[in-house]
1. Run down LEU123, LEU84, LEU77 and say which single residue is within 13 Å of the ligand (Cβ to nearest atom) and either closer than 29 Å to GLU16 by Cβ or of a type outside the set (Lys, Arg) (or both).
2. With a cut-off of at least 1 residues that are in contact with an Asp or Glu (Cβ under 8 Å, 6 or more places away or on another chain), under 28 Å from GLU124 (Cα atoms) and modelled with pLDDT of 95 or more, name the strands (runs of 3 or more DSSP E) lying wholly within the range 1-104.
3. Is it true that GLU130 is in contact with a strand residue (DSSP E or B) (Cβ under 9 Å, 6 or more places away or on another chain), in contact (Cβ under 8 Å) with a residue 40 or more places away in the chain and more than 16 Å from the ligand (Cβ to nearest atom)?
4. Of the residues in the range 108-120, how many are assigned to a loop (DSSP other than H, G, I, E, B) and more than 12 Å from the ligand (Cβ to nearest atom)?
Amino acid sequence: MHEATVAFAILNKAAEALSNRFAAELASMGNSVDVKAEGHEGHPHTSGKPRVVSIKVEIGEFRNIDPESLTFAFESLRKDSPELKDASLKINLVEARAICAQKHEYHPLPDSYFACTICGGSLETMLRGEELNITSIELQHAEDNVEGR
Ligand SMILES: [Zn+2]
């Protein structure tokens, strides 16, 4: 199941963000990721392990990922990790855009072999629609942990 693999990869990246909290590390995915830590910004000594509260992803319409299946896979996999079990997944679907040889910008459709909807010419450049990116990971320190050591 394709979506389970994607969900697993997303959770892995979130776990990585928890352990290093540096956006630069995540840049290895090919784009910058906005890692936000809510609440105790600038207090590295706060007790209590941080956990992930939300993960935002953008998925192009041609990635063939079903958002419902992805959410289902995500929700069944996150249970295994205490730092991730409360994380919500926010999916932003990206509608495809393409440019034809005549430089028209249009919405390509598989049914018409991705041909230009304005002039019928063939697709020259796919602008959007093939994304699979984590755009933000929101972290939060657990408040209910035992303090003082
Ligand atoms: Zn055209």
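The values are calculated or read from the model by the stated rules, or taken from the named source; none is laboratory data. In this text the structure is predicted, and so the values were computed from the model without any measurement. Here the Cβ positions follow ideal geometry from the backbone for every residue, glycine too, while neighbour counts run over all protein chains shown.
1. The match here is LEU123.
2. So the answer is 50-60, 88-94, 97-100.
3. yes
4. 2
Table: residues versus (1) of a type in the set (Asp, Glu); (2) surrounded by 13 or more Cβ atoms within 10 Å (Cβ to Cβ).
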| position | (1), (2) |
| --- | --- |
| GLU58 | yes, yes |
| PRO82 | no, no |
| TYR106 | no, yes |
| ASP111 | yes, no |
| MET126 | no, yes |
